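**Student:** The structure follows.
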Amino acid sequence: MAVSRNKLVQWIDHRLPVFSYLDHELHEYPTPKNLNYWWNFGSLAGAMLTIMIVTGIFLAMQYDPNTGDAFQSVERVMREVNYGWLIRYIHMNGASFFFIVVYIHLFRGLYYGSYKAPRELLWMLGVLIVLLMMATAFMGYVLPWGQMSFWGATVITSLFSAIPGVGKDIVTWLWGGFAVSNPTLNRFYALHYLLPFVILGVVVLHVLALHQHGSNNPLGIDRKGPQDSVPFHPYYTYKDMFGLSVFLIVFSIFVFYFPNALGDPQNYIPANPMQTPPEIVPEWYLLPFYAILRSIPNKLLGVCALFGSIFILFVVPWLDTSKVRSAYFRPVYKWVFWLLVIDAFALGAVGAHRPEGIWIVIGRVGTFYYFLHFLVLMPLIGWLERPLPLPPSISEAVLKKRAGGAVAGATAARAKP
Amino acid sequence: MKPRYVMTALLAGAAIAGAALVQPAQPVKAQAEEATPPLPDVSWSFEGPFGTFDRAALQRGFQIYTQVCSTCHSMNLLTYDDLAGTDGLGYSEAQVKAIAAQKQVPDIDKNGQPIQRPARPSDHFAAPFPNEQAAAAALGKAPPDLSDIIKARAGGARYVYGILTGFREPPKGFEMPPGGGHYNLYFPGHVIAMPPPLQDNTVQYGDGTKATLQQEAHDVVAFMTWASDPMMEQRKRTGAKVILFLLAMTGVLYGAKRRVWSDVEH
């Protein structure tokens with residue numbers, strides 16, 4: 001099949017089928033026609049990764065990974081490099097917005113059961129991306145070598161000292177010395193430059209796994225025929241570009257008008273190993289996990305809970321026993337999902353506060369509920385819940401909704417006593 | 001079993017188990033400290049999405065920095081030529097050259113011997129002490145560098161204004177620590193090492209502005225805000241253009257998206 005009438009394109013494609021590949025993966029690629037705007041966040045995450053890599057490369061040209069000059073070199077970018085402030089504020093706020101987008105993407109997957117067969121590996125690759133993002137963001141936050149950089153690095157790397165027996169040695173090995181110091185900063189810089197490309201590689205696998213069975217959709221039922229889908233291009237390319245444009249407006253408001261709103265003022269004070277700041281808090285996107293860590297009174301168990309809270313996501317496809325994907329048709333799970341969302345926000349608030357008084361209580365209940373959700377509620381509700389009847393096909397549900405009724409299944413269920 | 005009952009049972013179970021985990025909260029240590037009042041409600045020309053710096057206020061603030069603050073505080077991230085031009089304080093290059101020349105900075109002469117020479121516009125602001133240890137030895141505690149001070153404090157400009165105007169007699173029953181210090185309404189813990197740096201008429205303004213404490217604090221905070229974020233005006237200008245462009249692009253893309261989807265029943 002000729003992808004183009006252009007002779008040069010044909011010549012290349014005959015030898016290196018990039019054009020047929022793109023045509024196959026974008027134009028022929030069938031996508032459910034009923035995706036809502038929550039499905040925009042996957043491509044937004046891709047856009048954010050691109051923005052972060054591009055701005056990061058330009059920052060690296062100016063940055064000096066040396067404890068004596070790291071802080072000053074970042075300030076030099078902000079003050080003396082042409083539009084350096086722009087690149088740095090995009091990168092700095094970009095980290096936050098990357099997490100906002102990815103967290104929404106993740107919760108969308110949880111709500112609509114996008115992790116269920118045959119998309120388990122797609123989901124697991126996604127969790128791996130989140131994990132790599134956290135590592136990358138943590139090491140990136142250390143690079144400006146402000147107070148929070150230094151003390152955050154100290155607190156987080158010290159977690160490994162909880163490992164019985166070899167813990168202390170591991171921490172020394174991670175630091176490359178007997179404290180967070182120049183070797184630590186150097187290796188964090190090297191890894192902070194490396195990991196985004198590892199993420200890019202996993203993203204390629206993530207998209208490959210996605211294109212094997214195509215997108216899930218709000219109804220959570222499989223595509224049954226051509227009437228259920230549209231080609232990805234131009235339908236979703238245009239929808240994604242529109243979404244990206246709206247997203248960039250919100251992002252720009254922060255970059256240009258509130259560039260430091262999401263950061264900690266302490267990080268504009270150069271790192272001082274002799275002076276501990278009054279509060280050591282991670283960036284907002286790690287707060288729920290920080291809360292889980294601090295809610296467990298035992299250090300080793302706390303570290304286990306911290307890692308467990310992320311690793312548990314890998315096995316979600318097998319913890320959820322429901323036969324139905326979308327929470328739209330799951331009257332009980334739907335509510336439990338929103339409780340989890342509330343729990344995540346509550347844990348975020350706990351992480352931002354000193355562990356005193358009521359915050360200890362909320363932290364422990366929140367941590368308990370987090371694990372209860374995945375380990376108990378997910379399997380149990382899947383077994384006990386009676387889902388609403390599913391519509392026969394995507395196109396029928398879409399047409400019915402268009403005709404003014406609610407989605408087929410929901411109306412049918414409500415009619416029953 | 002109906003889902004509702006399952007849910008109730010599960011939630012009740014969760015609540016009981018959660019409660020079991022919760023140990024009695026430790027009693028919060030009674031705070032002997034006075035509560036910190038809300039930061040003073042002052043306004044500046046640089047606030048808001050279209051706010052710009054008042055160049056006259058910046059120049060007055062720079063005068064206060066030069067005559068008062070700079071005897072103890074460094075401002076290492078700034079160079080004298082930052083003061084020139086539209087992104088600066090509005091001084092001409094000749095003026096900046098003259099300002100710099102009044103300061104002595106350390107250098108090395110042809111024979112490799114350390115010397116002091118008059119500063120050039122490309123030099124960083126001359127610091128009052130050669131290093132932090134020297135500052136701490138002379139003053140008891142090294143004063144913070146002021147380059148980023150507005151960005152580096154929660155509350156920003158209002159907080160620093162509060163510190164400069166918040167010196168009071170300690171309230172009755174408040175015990176000042178034996179090491180000395182000064183009572184300040186807004187400083188965490190209320191005991192600050194810095195003596196009150198500004199009073200009425202600490203400086204004599206060249207432009208006839210009355211040098212009240214409030215005016216001086218207002219001006220020097222404006223100057224420090226500029227110093228923390230000298231690209232603020234360029235940032236806001238660029239932002240307005242970028243957002244206007246994005247709004248237009250969003251409109252066009254929305255139209256395009258609707259048009260592309262018009263032949264699909266959805």
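**Student:** Suppose we filter the stretch A:382-403 for residues that are touching an Asp or Glu at 6+ places or on another chain (Cβ under 8 Å) and in a helix (DSSP H, G or I); how many remain?
**Tutor:** Adding up the residues that qualify gives 6.
**Student:** Can I ask one more? Could you tell me which of the residues B:P128, B:P118 is touching a His at 6+ places or on another chain (Cβ under 9 Å), at pLDDT 95 or above and surrounded by fewer than 18 Cβ atoms within 10 Å (Cβ to Cβ)?
**Tutor:** Checking each option against the conditions leaves just B:P128.
**Student:** When the stretch A:51-80 is examined, which residues are found to be over 24 Å from the mean Cα position of the chain (by Cα), surrounded by fewer than 17 Cβ atoms within 10 Å (Cβ to Cβ) and of a type in the set (G, A, S)?
**Tutor:** Answer for the stretch A:51-80, where residues must be over 24 Å from the mean Cα position of the chain (by Cα), surrounded by fewer than 17 Cβ atoms within 10 Å (Cβ to Cβ) and of a type in the set (G, A, S): just A:G68.
Per-residue answers, yes or no, for (1) of a type in the set (S, T, Y); (2) on the phi > 0 side of the Ramachandran plot; (3) within 14 Å of chain A (Cβ to nearest Cβ); (4) outside any loop (DSSP other than H, G, I, E, B):
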| position | (1), (2), (3), (4) |
| --- | --- |
| B:S122 | yes, no, yes, no |
| B:A126 | no, no, no, no |
| B:F129 | no, no, no, no |
| B:Q133 | no, no, yes, yes |
| B:S147 | yes, no, yes, no |
| B:R158 | no, no, yes, yes |
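**Student:** Taking the stretch B:163-201, which residues are in contact with a helix residue (DSSP H, G or I) (Cβ under 6 Å, 6 or more places away or on another chain) and β-branched (V, I, T)?
**Tutor:** B:T165
**Student:** Right, next: Those residues that are aliphatic (A, V, I, L, M) and touching a Phe, Trp or Tyr at 6+ places or on another chain (Cβ under 7 Å), I need them from the stretch A:50-73; list them, please. Outline the logic, then answer.
**Tutor:** In the first step, residues of the stretch A:50-73 are kept if they are aliphatic (A, V, I, L, M); the result is A:51-54, A:57, A:59-61, A:70.
The answer is A:M52, A:A60, A:A70.
**Student:** Restricting attention to the stretch B:201-247, which residues are more than 14 Å from chain A (Cβ to nearest Cβ), among the aromatic types (F, W, Y) and surrounded by fewer than 19 Cβ atoms within 10 Å (Cβ to Cβ)?
**Tutor:** Answer for the stretch B:201-247, where residues must be more than 14 Å from chain A (Cβ to nearest Cβ), among the aromatic types (F, W, Y) and surrounded by fewer than 19 Cβ atoms within 10 Å (Cβ to Cβ): just B:Y205.
**Student:** Being at negative phi and not hydrophobic (A, V, I, L, M, F, W, C) is the filter here; which residues of the stretch A:98-117 pass it?
**Tutor:** Across the stretch A:98-117, the qualifying residues are A:Y103, A:H105, A:R108, A:G109, A:Y111, A:Y112, A:S114, A:Y115, A:K116.
**Student:** Would you be able to say whether some residue in the stretch A:230-251 is part of a helix (DSSP H, G or I), in contact (Cβ under 8 Å) with a residue 12 or more places away in the chain and more than 10 Å from every other protein chain (Cβ to nearest Cβ)?
**Tutor:** Yes, that holds for at least one residue.
**Student:** Also, I was wondering about something else. Looking at the stretch A:81-97, is at least one residue surrounded by fewer than 16 Cβ atoms within 10 Å (Cβ to Cβ) and more than 30 Å from B:H266 (Cα to Cα)?
**Tutor:** Looking only at the stretch A:81-97, we keep the residues that are surrounded by fewer than 16 Cβ atoms within 10 Å (Cβ to Cβ), and these are A:82-83.
Filter once more, keeping what is more than 30 Å from B:H266 (Cα to Cα): A:82-83.
Yes, that holds for at least one residue.
**Student:** A follow-up question, please. Which condition from (1) at pLDDT below 95; (2) more than 11 Å from chain B (Cβ to nearest Cβ); (3) in a helix (DSSP H, G or I) is the one that A:P379 breaks?
**Tutor:** The one condition A:P379 does not meet is (1).
**Student:** If A:T367 satisfies every condition in (1) at the interface with another protein chain (Cβ under 9 Å from one of its Cβ atoms); (2) within 27 Å of A:F160 (Cβ to Cβ); (3) assigned to a loop (DSSP other than H, G, I, E, B) but one, which is the exception?
**Tutor:** With respect to (1) at the interface with another protein chain (Cβ under 9 Å from one of its Cβ atoms); (2) within 27 Å of A:F160 (Cβ to Cβ); (3) assigned to a loop (DSSP other than H, G, I, E, B), A:T367 is out only on (3).
**Student:** Step by step: first the residues of the stretch B:103-119, then only those that are assigned to a loop (DSSP other than H, G, I, E, B) and under 27 Å from the mean Cα position of the chain (by Cα), then the one that is nearest to B:R60 (Cα to Cα). Which residue is that?
**Tutor:** Selected residue: B:K103.
**Student:** Only one of (1) within 10 Å of another protein chain (Cβ to nearest Cβ); (2) of a type outside the set (D, E); (3) assigned to a helix (DSSP H, G or I) fails for A:L205. Which number is that?
**Tutor:** For A:L205, the failing item is (1).
**Student:** Still on this structure: Taking the stretch A:257-269 only, how many residues are touching a residue at least 40 places away in the same chain (Cβ under 8 Å) and either surrounded by 22 or more Cβ atoms within 10 Å (Cβ to Cβ) or more than 8 Å from chain B (Cβ to nearest Cβ) (or both)? Break it down into steps so the answer makes sense when it comes.
**Tutor:** Step one: filter the stretch A:257-269 for residues touching a residue at least 40 places away in the same chain (Cβ under 8 Å), giving A:259, A:262-264, A:266-269.
Narrowing the set further to residues that are either surrounded by 22 or more Cβ atoms within 10 Å (Cβ to Cβ) or more than 8 Å from chain B (Cβ to nearest Cβ) (or both) leaves A:259, A:262-264, A:267-269.
Matching residues across the stretch A:257-269 total 7.
The rows are residues; the columns are (1) within 30 Å of the chain's Cα centre (by Cα); (2) modelled with pLDDT under 95; (3) assigned to a loop (DSSP other than H, G, I, E, B).
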{"position": "A:V361", "(1), (2), (3)": "yes, no, no"}
{"position": "A:H373", "(1), (2), (3)": "yes, no, no"}
{"position": "A:G405", "(1), (2), (3)": "no, yes, yes"}
{"position": "A:G409", "(1), (2), (3)": "no, yes, no"}
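**Student:** Hey, another quick one. Can you list residue pairs whose Cβ atoms sit under 7 Å apart, with the first residue in the stretch A:320-341 being assigned to a loop (DSSP other than H, G, I, E, B) and the second being polar (S, T, N, Q)? Count only pairs 6 or more apart in sequence or on different chains.
**Tutor:** From residues that are assigned to a loop (DSSP other than H, G, I, E, B), the pairs are A:R325/A:N216; A:R330/A:S322.
**Student:** Say we look at the stretch B:257-266 and pick out the residues that are modelled with pLDDT under 95 and facing chain A (nearest Cβ under 8 Å); which of these is nearest to the chain's Cα centre (by Cα)?
**Tutor:** B:H266
**Student:** If I filter the stretch A:15-43 down to residues being out of contact with any strand residue (DSSP E or B) (no Cβ under 8 Å at 6 or more places or on another chain) and hydroxyl-bearing (S, T, Y), which single residue comes out as nearest to A:P234 (Cα to Cα)?
**Tutor:** A:S43
**Student:** Something else about it: For the stretch A:124-137, name all the residues that are buried (at least 22 other Cβ atoms within 10 Å of the Cβ) and either over 11 Å from the mean Cα position of the chain (by Cα) or under 19 Å from A:W338 (Cα atoms) (or both).
**Tutor:** The one that is buried (at least 22 other Cβ atoms within 10 Å of the Cβ) and either over 11 Å from the mean Cα position of the chain (by Cα) or under 19 Å from A:W338 (Cα atoms) (or both): A:T136.
**Student:** I want to confirm something. Restricting to the stretch B:202-256 and keeping residues that are in a loop (DSSP other than H, G, I, E, B) and free of Cβ contacts under 8 Å to residues at least 60 places away in the same chain, which single residue is farthest from the chain's Cα centre (by Cα)?
**Tutor:** Result: B:G208.
**Student:** Still on this structure, I have one more. Could you list all residues from the stretch B:65-94 that are closer than 28 Å to B:Q199 by Cα, more than 14 Å from chain A (Cβ to nearest Cβ), without any contact (Cβ under 8 Å) to a residue 40 or more places away in the chain and not in a strand (DSSP E or B)?
**Tutor:** Answer for the stretch B:65-94, where residues must be closer than 28 Å to B:Q199 by Cα, more than 14 Å from chain A (Cβ to nearest Cβ), without any contact (Cβ under 8 Å) to a residue 40 or more places away in the chain and not in a strand (DSSP E or B): B:T66, B:G90.
**Student:** Which residues, counting only those in the stretch B:42-51, are in contact (Cβ under 8 Å) with a residue 40 or more places away in the chain and away from every other protein chain (no Cβ under 14 Å)?
**Tutor:** B:V42, B:W44, B:S45
**Student:** Still on this structure, I have one more. Within the bounds of the stretch A:34-50, is there any residue that is within 14 Å of chain B (Cβ to nearest Cβ), surrounded by fewer than 19 Cβ atoms within 10 Å (Cβ to Cβ), at pLDDT below 95 and touching a Pro at 6+ places or on another chain (Cβ under 7 Å)?
**Tutor:** No; the residues of the stretch A:34-50 include none that is within 14 Å of chain B (Cβ to nearest Cβ), surrounded by fewer than 19 Cβ atoms within 10 Å (Cβ to Cβ), at pLDDT below 95 and touching a Pro at 6+ places or on another chain (Cβ under 7 Å).
The values are calculated or read from the model by the stated rules, or taken from the named source; none is laboratory data. Because the structure is a prediction, the values reported are computed rather than measured. No Cβ is skipped: glycine too gets one built from the backbone with ideal geometry, and neighbour counts run over all protein chains shown.
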